[in-house]
Amino acid sequence: MVFLTMVDIWRETVEELGGLRGFFYIFLVMVVFTLIVQWAVGRASATRAAKRMNRQRMRKLRAGLMSADDGPPEWREKIFGSAWWYRWSSFAYCLAGGLLVIRPAPMYRHARPCCFLFPFRSMGALIFLNGILSYLADTHTFGRPSAWRAADSYVATFNTILQFVLILLQIIGPMSFPRDMVTVFTASLLVAIACKRRAVAAFARRDRDAYLVWHALWHVVLPAGAVAGQLLLEP
(Lines give C-alpha, C1' and ligand atoms only; values in the text may rest on other atoms or scores of the structure.)
Protein backbone atom coordinates (compact mmCIF):
# COMPACT_ATOMS: atom_id res chain seq x y z
CA MET A 1 0.00 0.00 0.00
CA VAL A 2 2.76 2.44 0.94
CA PHE A 3 4.70 1.52 -2.20
CA LEU A 4 1.65 2.08 -4.42
CA THR A 5 1.02 5.42 -2.76
CA MET A 6 4.60 6.52 -3.42
CA VAL A 7 4.30 5.38 -7.05
CA ASP A 8 1.16 7.50 -7.43
CA ILE A 9 2.91 10.52 -5.89
CA TRP A 10 5.91 10.11 -8.19
CA ARG A 11 3.66 9.66 -11.25
CA GLU A 12 1.73 12.82 -10.40
CA THR A 13 5.01 14.65 -9.84
CA VAL A 14 6.32 13.61 -13.25
CA GLU A 15 3.08 14.71 -14.88
CA GLU A 16 3.14 18.05 -13.02
CA LEU A 17 6.77 18.85 -13.78
CA GLY A 18 6.73 17.30 -17.20
CA GLY A 19 9.35 15.50 -19.25
CA LEU A 20 12.97 15.19 -18.20
CA ARG A 21 12.56 17.51 -15.23
CA GLY A 22 10.09 15.17 -13.56
CA PHE A 23 12.20 12.11 -14.22
CA PHE A 24 15.27 13.96 -12.91
CA TYR A 25 13.39 14.59 -9.65
CA ILE A 26 12.49 10.88 -9.30
CA PHE A 27 16.08 9.89 -10.05
CA LEU A 28 17.41 12.33 -7.44
CA VAL A 29 15.00 11.05 -4.78
CA MET A 30 16.04 7.46 -5.50
CA VAL A 31 19.75 8.37 -5.30
CA VAL A 32 19.33 10.15 -1.95
CA PHE A 33 17.23 7.26 -0.58
CA THR A 34 19.85 4.74 -1.72
CA LEU A 35 22.64 6.73 -0.06
CA ILE A 36 20.71 6.87 3.22
CA VAL A 37 20.02 3.11 3.13
CA GLN A 38 23.67 2.38 2.35
CA TRP A 39 24.75 4.64 5.21
CA ALA A 40 22.40 2.86 7.63
CA VAL A 41 23.58 -0.59 6.53
CA GLY A 42 27.19 0.55 6.72
CA ARG A 43 26.72 1.92 10.24
CA ALA A 44 25.16 -1.37 11.36
CA SER A 45 28.02 -3.35 9.84
CA ALA A 46 30.58 -1.01 11.40
CA THR A 47 28.94 -1.45 14.79
CA ARG A 48 29.16 -5.23 14.55
CA ALA A 49 32.75 -5.05 13.36
CA ALA A 50 33.66 -2.61 16.12
CA LYS A 51 32.73 -5.15 18.75
CA ARG A 52 35.45 -7.42 17.40
CA MET A 53 38.13 -4.74 17.37
CA ASN A 54 40.49 -3.98 20.18
CA ARG A 55 40.61 -0.54 21.77
CA GLN A 56 43.57 0.62 19.68
CA ARG A 57 41.83 -0.07 16.38
CA MET A 58 38.64 1.53 17.68
CA ARG A 59 40.57 4.73 18.37
CA LYS A 60 41.85 4.74 14.80
CA LEU A 61 38.34 4.16 13.46
CA ARG A 62 36.89 7.04 15.42
CA ALA A 63 39.87 9.41 15.23
CA GLY A 64 38.87 12.99 14.73
CA LEU A 65 35.10 12.75 15.08
CA MET A 66 34.36 10.65 18.17
CA SER A 67 35.97 10.38 21.58
CA ALA A 68 37.40 7.01 22.55
CA ASP A 69 35.85 6.70 26.02
CA ASP A 70 33.27 8.19 28.38
CA GLY A 71 35.59 10.84 29.78
CA PRO A 72 37.27 11.40 33.15
CA PRO A 73 34.62 11.38 35.92
CA GLU A 74 36.49 14.15 37.75
CA TRP A 75 35.55 16.57 34.95
CA ARG A 76 31.95 16.44 36.14
CA GLU A 77 32.80 18.87 38.94
CA LYS A 78 33.74 21.53 36.39
CA ILE A 79 30.82 20.68 34.09
CA PHE A 80 28.25 20.98 36.86
CA GLY A 81 30.07 23.89 38.45
CA SER A 82 31.21 26.98 36.58
CA ALA A 83 30.82 25.57 33.03
CA TRP A 84 27.11 26.45 32.79
CA TRP A 85 27.61 27.47 29.16
CA TYR A 86 28.72 23.92 28.34
CA ARG A 87 25.68 22.41 30.04
CA TRP A 88 23.24 24.61 28.14
CA SER A 89 25.00 24.48 24.77
CA SER A 90 23.32 21.21 23.80
CA PHE A 91 19.91 22.87 23.76
CA ALA A 92 20.96 25.11 20.86
CA TYR A 93 19.89 22.17 18.69
CA CYS A 94 16.45 22.29 20.27
CA LEU A 95 16.16 25.96 19.28
CA ALA A 96 17.18 25.32 15.66
CA GLY A 97 15.03 22.21 15.33
CA GLY A 98 12.03 23.79 17.03
CA LEU A 99 12.14 26.78 14.68
CA LEU A 100 12.11 24.44 11.69
CA VAL A 101 9.17 22.48 13.12
CA ILE A 102 6.99 25.57 13.64
CA ARG A 103 8.21 27.51 10.58
CA PRO A 104 8.91 25.05 7.73
CA ALA A 105 7.03 26.98 5.03
CA PRO A 106 10.00 29.07 3.78
CA MET A 107 12.10 25.91 3.40
CA TYR A 108 9.37 24.10 1.46
CA ARG A 109 8.88 27.14 -0.77
CA HIS A 110 12.51 27.17 -1.88
CA ALA A 111 12.49 23.38 -2.33
CA ARG A 112 9.77 23.53 -4.99
CA PRO A 113 9.10 22.21 -7.51
CA CYS A 114 11.55 19.33 -7.49
CA CYS A 115 12.09 18.61 -3.79
CA PHE A 116 8.83 19.58 -2.13
CA LEU A 117 8.68 16.13 -0.51
CA PHE A 118 11.88 16.70 1.46
CA PRO A 119 10.92 16.11 5.14
CA PHE A 120 11.93 19.49 6.58
CA ARG A 121 9.52 19.34 9.52
CA SER A 122 10.58 15.79 10.40
CA MET A 123 14.21 16.85 10.14
CA GLY A 124 13.47 19.70 12.55
CA ALA A 125 11.95 17.26 15.03
CA LEU A 126 15.01 15.02 14.76
CA ILE A 127 17.32 18.00 15.35
CA PHE A 128 15.24 18.94 18.42
CA LEU A 129 15.62 15.36 19.68
CA ASN A 130 19.36 15.59 19.03
CA GLY A 131 19.58 18.47 21.50
CA ILE A 132 18.06 16.37 24.26
CA LEU A 133 20.24 13.35 23.45
CA SER A 134 23.29 15.61 23.37
CA TYR A 135 22.59 16.87 26.89
CA LEU A 136 22.03 13.35 28.21
CA ALA A 137 25.23 12.05 26.59
CA ASP A 138 27.62 14.99 26.96
CA THR A 139 26.49 16.39 30.30
CA HIS A 140 24.09 14.26 32.33
CA THR A 141 26.06 11.00 32.01
CA PHE A 142 29.52 12.42 31.25
CA GLY A 143 32.26 10.17 32.62
CA ARG A 144 29.92 7.21 32.98
CA PRO A 145 29.04 4.35 30.60
CA SER A 146 25.78 5.31 28.91
CA ALA A 147 23.60 4.23 25.99
CA TRP A 148 22.79 7.91 25.44
CA ARG A 149 26.27 8.42 24.03
CA ALA A 150 25.72 5.98 21.16
CA ALA A 151 22.22 7.34 20.49
CA ASP A 152 23.55 10.90 20.35
CA SER A 153 26.34 9.86 18.00
CA TYR A 154 24.03 8.10 15.55
CA VAL A 155 21.42 10.86 15.46
CA ALA A 156 24.05 13.62 15.16
CA THR A 157 25.79 11.77 12.31
CA PHE A 158 22.50 11.28 10.46
CA ASN A 159 21.52 14.93 10.93
CA THR A 160 24.91 16.10 9.67
CA ILE A 161 24.57 13.93 6.56
CA LEU A 162 21.15 15.49 5.91
CA GLN A 163 22.73 18.95 5.98
CA PHE A 164 25.25 17.90 3.33
CA VAL A 165 22.37 16.46 1.26
CA LEU A 166 20.66 19.87 1.39
CA ILE A 167 23.84 21.59 0.24
CA LEU A 168 24.25 19.05 -2.58
CA LEU A 169 20.67 19.60 -3.76
CA GLN A 170 21.33 23.34 -3.76
CA ILE A 171 24.53 22.95 -5.78
CA ILE A 172 23.07 20.70 -8.49
CA GLY A 173 19.99 22.84 -8.86
CA PRO A 174 16.73 21.31 -7.56
CA MET A 175 16.57 23.67 -4.56
CA SER A 176 16.72 27.45 -4.88
CA PHE A 177 17.74 28.94 -1.55
CA PRO A 178 19.19 32.49 -1.56
CA ARG A 179 22.96 32.73 -1.81
CA ASP A 180 23.38 34.57 1.51
CA MET A 181 21.42 31.90 3.36
CA VAL A 182 23.44 29.09 1.77
CA THR A 183 26.73 30.86 2.53
CA VAL A 184 25.88 31.35 6.21
CA PHE A 185 24.68 27.78 6.64
CA THR A 186 27.58 26.15 4.77
CA ALA A 187 30.15 28.19 6.69
CA SER A 188 28.56 27.24 10.02
CA LEU A 189 28.57 23.55 9.05
CA LEU A 190 32.26 23.56 8.14
CA VAL A 191 33.26 25.57 11.23
CA ALA A 192 31.21 23.24 13.45
CA ILE A 193 32.99 20.17 12.10
CA ALA A 194 36.36 21.86 12.69
CA CYS A 195 35.30 22.59 16.29
CA LYS A 196 34.29 18.96 16.73
CA ARG A 197 37.68 17.73 15.58
CA ARG A 198 39.45 20.13 17.96
CA ALA A 199 37.23 18.95 20.80
CA VAL A 200 38.12 15.32 20.12
CA ALA A 201 41.83 16.20 19.99
CA ALA A 202 41.58 18.07 23.31
CA PHE A 203 39.71 15.12 24.84
CA ALA A 204 42.43 12.71 23.71
CA ARG A 205 45.16 14.74 25.41
CA ARG A 206 42.92 15.23 28.47
CA ASP A 207 42.82 19.02 28.16
CA ARG A 208 39.58 19.60 30.06
CA ASP A 209 39.14 23.33 29.54
CA ALA A 210 39.92 23.22 25.81
CA TYR A 211 37.57 20.28 25.36
CA LEU A 212 34.68 22.03 27.06
CA VAL A 213 35.13 25.16 24.95
CA TRP A 214 35.46 23.40 21.60
CA HIS A 215 32.68 20.93 22.30
CA ALA A 216 30.34 23.72 23.38
CA LEU A 217 31.16 25.54 20.13
CA TRP A 218 30.34 22.34 18.21
CA HIS A 219 26.95 22.42 19.91
CA VAL A 220 26.32 26.11 19.18
CA VAL A 221 27.89 27.06 15.83
CA LEU A 222 25.83 24.82 13.52
CA PRO A 223 22.45 25.53 15.18
CA ALA A 224 23.28 29.25 15.15
CA GLY A 225 24.00 29.07 11.42
CA ALA A 226 20.79 27.11 10.85
CA VAL A 227 18.70 29.64 12.78
CA ALA A 228 20.35 32.58 10.99
CA GLY A 229 19.78 30.89 7.63
CA GLN A 230 16.11 30.26 8.37
CA LEU A 231 15.57 33.85 9.50
CA LEU A 232 17.12 35.12 6.27
CA LEU A 233 14.24 33.49 4.40
CA GLU A 234 11.04 35.48 4.05
CA PRO A 235 8.15 34.03 6.13
- request: Determine which member of the set 111, 92, 96 is of a type in the set (A, V, I, L, M, F, W, C), touching a residue at least 60 places away in the same chain (Cβ under 8 Å), out of contact with any helix residue (DSSP H, G or I) (no Cβ under 7 Å at 6 or more places or on another chain) and surrounded by 19 or more Cβ atoms within 10 Å (Cβ to Cβ).
  value: 111
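Can you confirm whether residue 161 is free of Cβ contacts under 8 Å to residues at least 24 places away in the same chain, over 27 Å from residue 72 (Cβ atoms), touching a helix residue (DSSP H, G or I) at 6+ places or on another chain (Cβ under 9 Å) and in the same structural domain as residue 98 (by TED's automatic domain parsing)?
No.
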query: Taking into account only those residues within region 147-158 that are touching a residue at least 24 places away in the same chain (Cβ under 8 Å) and either more than 16 Å from residue 124 (Cβ to Cβ) or not assigned by TED's automatic domain parsing to the domain that holds residue 121 (or both), which is farthest from the chain's Cα centre (by Cα)?
result: 149
- prompt: Considering region 174-212 alone, what residues qualify as being free of Cβ contacts under 8 Å to residues at least 12 places away in the same chain and assigned to a loop (DSSP other than H, G, I, E, B)?
  reply: 205, 207
query: among the hydroxyl-bearing types (Ser, Thr, Tyr) and either at pLDDT 90 or above or buried (at least 16 other Cβ atoms within 10 Å of the Cβ) (or both), is that true of residue 176?
result: no
field: Selected residue (only one of 167, 171 is of a type outside the set (Lys, Arg) and free of Cβ contacts under 8 Å to residues at least 12 places away in the same chain)
entry: 171
message: Between 168, 232, which is over 19 Å from the mean Cα position of the chain (by Cα) and hydrophobic (A, V, I, L, M, F, W, C)?
response: 232
- request: Quick one: in region 199-219, of everything that is under 17 Å from the mean Cα position of the chain (by Cα) and under 13 Å from residue 79 (Cα atoms), which residue is surrounded by the fewest Cβ atoms within 10 Å (Cβ to Cβ)?
  value: 216
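The values are calculated or read from the model by the stated rules, or taken from the named source; none is laboratory data. Everything numeric here is computed off the predicted structure, so don't read it as measured data. Reconstructed Cβ throughout: ideal geometry from the backbone, glycine too, with neighbour counts over all protein chains shown.
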